[in-house]
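Novice: Here it is: the structure, laid out below.
The values are calculated or read from the model by the stated rules, or taken from the named source; none is laboratory data. Note that the structure is predicted; figures quoted are calculated from it, not measured. Positions of Cβ are backbone-derived with ideal geometry, glycine not excepted, and every protein chain shown enters the neighbour counts. Accessible surface areas use protein heavy atoms only, side chains included; no ligands, DNA or RNA. Shrake-Rupley method; radii C 1.70, N 1.55, O 1.52, S 1.80 Å.
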Amino acid sequence: MDQLSLFDLSTDHSLSPAQAPLADRMRPQSLDDYIGQKHLLGPGMLLRQMLEKDMVSSMIFWGPPGSGKTTLARIIANRTSSRFVNFSAVTSGIREIKEIMKQAEENRAYGMRTLVFVDEIHRFNKAQQDAFLPYVEKGSIILIGATTENPSFEVNAALLSRCKVFVLKGLTSQDLTELLSRTLKDKRGFGNTDIHMSEELLAAIASSVDGDARRALNTLEMAVLNGQISPDGSITVEKETLEQCLGKKTLLYDKKGEEHYNLISALHKSMRNSDPDAAVYWLARMLEAGEDPLFIARRLIRFASEDIGLADSQALLIATAAYQACHFNGMPECNLNLAQAVIYLSLAPRSNAVYRAYETAKVDALTQLSEPVPLVIRNAPTRLMDDLHYGEGYIYAHDTEEKIAQMTCLPESLKDRQYYTPTEEGVEGVFKKRLEENRNFRKNI
């Protein structure tokens with residue numbers, strides 16, 4: 001069984017480096033070349049420290065396609081002093097695992113560690129995963145698994161408990177634009193050719209691949225190979241060429257520019273005006289231009305509280321569910337999740353009472369930061385606090401018949417202040433009636 005796995009193209013004698021796919025040629029060889037995952041590999045981050053100190057333990061890399069799981073494993077292979085074995089869960093079975101484990105035991109007797117990388121570990125069945133367990137426990141191997149699926153559901157609990165899980169995120173458009181720009185200059189990429197391609201087109205690729213570096217590089221390679229060749233040998237990639245490679249019209253879209261804010265404003269105000277047709281149109285404009293679906297989902301969550309509030313408490317749940325769906329599905333699958341939420345929010349009853357309540361309370365909070373908490377609602381965990389009358393006169397609301405205590409919970413200077421003014425819209429009408437009863441009851445204090 002061939003155990004070579006140094007991850008360089010020289011191990012594949014069927015392809016020269018120039019013939020290999022661009023994504024393989026541009027695969028980073030060191031942490032300095034690696035793009036993205038700064039929350040794991042930034043200065044002082046745990047994973048980076050583990051790699052720099054060669055203190056690698058068994059771990060699982062969980063992240064979407066093209067986020068750099070395999071590349072990170074290959075970098076570890078180049079850095080570690082362990083023997084490195086690489087195989088895929090798709091093509092390897094119990095027999096291959098046992099052979100590797102036997103060899104790992106022999107190596108351990110000579111003081112050599114064995115680092116085993118398993119791509120798509122979620123495809124292994126329980127028996128295959130169990131085969132690793134005793135060797136991970138004994139320290140015969142260091143296991144690194146890569147998966148696009150939630151390891152909580154796809155990796156055996158016993159094995160998972162012995163692995164540190166690192167969550168990789170899809171690359172940002174900024175990360176991908178940096179990668180594409182580097183590829184045009186790097187000799188492993190197109191650095192030996194004069195390529196004319198605007199930053200706008202690179203940004204268009206970056207925004208269309210859902211954080212997948214492999215897809216971004218494949219798209220760039222296709223665009224360059226189909227570009228216009230000039231007599232001097234230079235290649236020019238035009239917008240029309242890129243549109244053909246993407247299979248759709250490229251909507252150039254600056255996520256930090258004015259149009260970004262114009263479109264999200266259009267979506268928000270269309271929903272506020274109870275116009276689902278306009279809202280879905282602006283949603284589609286943003287998504288098809290490459291907007292981050294999670295950004296839109298976050299705005300929907302804000303809208304649910306700002307413009308609907310307690311008139312329909314389900315609105316916040318639906319908006320939050322849409323965010324989770326976007327996180328799990330990504331584009332393009334999550335477009336319908338967002339559309340469903342947008343239509344629901346557009347047709348839900350309106351109330352900005354929650355928004356107005358907070359904004360009014362914020363003004364008082366900022367101007368009266370020194371107002372003390374009333375003694376009656378302070379906690380008294382020590383004798384000193386008890387002697388100072390903390391909590392004196394506190395009434396436990398559940399012990400009253402009305403389930404409301406006749407106490408003032410605001411500072412004395414704000415005793416009669418009212419922030420929440422509910423409307424009659426939707427369910428909020430019920431809250432309005434209950435609030436009026438509660439306030440009338442407390443007036444007798």
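Novice: Using the scaling law 2.2 N^0.38 Å as the reference, what is the normalised Cα Rg of segment 105-217?
Specialist: So the Cα radius of gyration is 1.51 times the expected 2.2 N^0.38 Å.
Novice: Just to confirm a number: summing +1 for Lys and Arg and -1 for Asp and Glu over residues other than His268 whose beta-carbon lies under 11 angstrom from that of His268, what do you get?
Specialist: Here the count lands on +2.
Novice: Spin-label point model (7 Å from Cα, Cβ direction): what's the Ile404 to Lys164 distance in nm?
Specialist: 5.4
Novice: Now a separate question. In nm, give the distance between the simple-model label positions of Glu96 and Ala321, each being 7 Å from the Cα along the Cα-to-Cβ direction.
Specialist: Simple spin-label model gives 4.1 nm for this pair.
Novice: At 7 Å along Cα-to-Cβ for each site, give me the label-to-label distance between Asp32 and Lys187 in nm.
Specialist: 1.6
Novice: I need the phi-derived Karplus couplings for segment 212-222: 6.51 cos²θ - 1.76 cosθ + 1.60, θ = phi - 60°, integer Hz, Gly and Pro marked x.
Specialist: So the Karplus estimates, Gly and Pro as x, are 9, 5, 4, 4, 5, 5, 4, 5, 4, 4, 5 Hz.
Novice: Which chymotrypsin sites (Phe, Trp or Tyr not before Pro) in segment 357-445 pass both tests, a DSSP loop state and at most 13 other beta-carbon atoms within 10 Å?
Specialist: Passing sites in segment 357-445 are Tyr396.
Novice: Can you match semi-axes √(5λ) of the Cα gyration tensor in Å to one of these, [x] 53, 34, 19; [y] 33, 23, 21; [z] 38, 26, 20, based on a calculation from the structure here?
Specialist: Computing semi-axes √(5λ) of the Cα gyration tensor in Å and matching it to [x] 53, 34, 19; [y] 33, 23, 21; [z] 38, 26, 20 gives [x].
Novice: Right, another one. Calculate, in nm to one decimal, what Val373 and Ser230 gain on full extension: separation in residues at 0.36 nm each, minus their alpha carbon distance.
Specialist: Value of the extension gain: 43.9 nm.
Novice: Please build a GNM for the chain, connecting alpha carbons under 10 Å apart, and tell me which residue among Gly63, Gly393, Gly139 fluctuates the most.
Specialist: Gly393
Novice: Per-residue ellipticity at 222 nm for the chain, helices alone: DSSP H runs ≥ 4 residues times -39500 (n - 2.57), over residue total, nearest 500 deg cm²/dmol?
Specialist: About -14000 deg cm²/dmol.
Novice: Can you compute the charge dipole magnitude of the chain about its Cα centre, using +1 on each Lys and Arg Cβ and -1 on each Asp and Glu Cβ, nothing else charged? Give it in debye, rounded to the nearest 20.
Specialist: 900
Novice: Measure up Lys69/Lys98; Lys362/Lys433; Lys269/Lys362; Lys38/Lys164 against 21 Å on the Cα-Cα distance and list the ones that go over.
Specialist: Lys69/Lys98; Lys362/Lys433; Lys269/Lys362, as the Cα separations exceed 21 Å there.
Novice: For Val85, enumerate residues with amide H under 5 Å from its amide H, sequence gap 5+ or separate chain, H modeled in the peptide plane.
Specialist: Leu115, Val116, Phe117
Novice: Long-range amide H contacts for His196: which residues qualify at under 5 Å (H placed 1.01 Å from N, peptide plane, sequence gap of 5 or more or a different chain)?
Specialist: Sorted by chain and number, the residues that satisfy this are Ile235, Thr236, Val237.
Novice: Ok, one more. I'd like the carbon and sulfur percentage of the solvent accessible area for segment 213-357, probe radius 1.4 Å, heavy atoms only, ligands and nucleic acids excluded.
Specialist: With neighbouring chains kept in place, the figure for segment 213-357 is 54 percent.
Novice: Just Leu220, Leu375, Leu246 to compare: in a GNM of the chain, with alpha carbon springs under 10 Å, which one fluctuates most?
Specialist: Result: Leu375 has the largest fluctuation of those listed.
Novice: Something else now. Just to verify a number: FRET efficiency for Arg442 and His39, C-beta to C-beta distance, R0 = 60 Å, to 0.05?
Specialist: 0.80
Novice: Could you give each residue of segment 183-191 its phi-based ³J(HN,Hα) in whole Hz, using Karplus coefficients 6.51, -1.76, 1.60 with θ = phi - 60°, and x for Gly or Pro?
Specialist: Coupling constants for segment 183-191: 5, 5, 9, 6, 5, 5, x, 10, x Hz.
Novice: May I pose another question? Once the other residues with Cβ under 15 Å from the Cβ of Gly429 are scored (Lys, Arg +1; Asp, Glu -1), what is the net sum?
Specialist: Spelling it out: positives minus negatives among the neighbours equals -2.
Novice: A further question on this structure: Looking at Val342, Pro374, Met331, which one has the Cα that reaches farthest to the positive end of the dipole of segment 331-383 (charges on Cβ: Lys, Arg +1; Asp, Glu -1)?
Specialist: Result: Pro374, furthest along the dipole toward the positive end.
Novice: Amide H neighbours of Gly145 under 5 Å, counting only residues 5+ apart in sequence or on other chains, H built in-plane at 1.01 Å?
Specialist: Answer set, sorted by chain and number: Met59, Ile60, Phe61, Val118.
Novice: Once phi is turned into ³J(HN,Hα) by the Karplus curve 6.51 cos²θ - 1.76 cosθ + 1.60 with θ = phi - 60°, what whole-Hz value does each residue of segment 404-417 show in order, with x for glycine and proline?
Specialist: Values per residue, Gly and Pro as x: 9, 9, 7, 10, 9, 9, 8, x, 4, 5, 10, 3, 9, 6 Hz.
Novice: Here is a further query. Just to be sure I understand: with springs between alpha-carbon atoms less than 10 Å apart, which residue in Ala297, Ala405, Ala357 has the highest mean-square fluctuation in the Gaussian network model of the chain?
Specialist: Checking each option, the largest mean-square fluctuation is seen for Ala405.
Novice: Sticking with this structure for a sec: Kindly point out, ordered by number, any Cys in the chain whose beta-carbon has no other cysteine beta-carbon under 4.7 Å away.
Specialist: Among the cysteines of the chain, those whose Cβ sits 4.7 Å or more from every other are Cys163, Cys245, Cys409.
Novice: Suppose every K and R has +1 on its Cβ and every D and E has -1 on its Cβ; what is the size of the dipole of segment 296-406 about the Cα centre, in Debye to the nearest 20?
Specialist: Using only the charged Cβ atoms, the result is roughly 520 debye.
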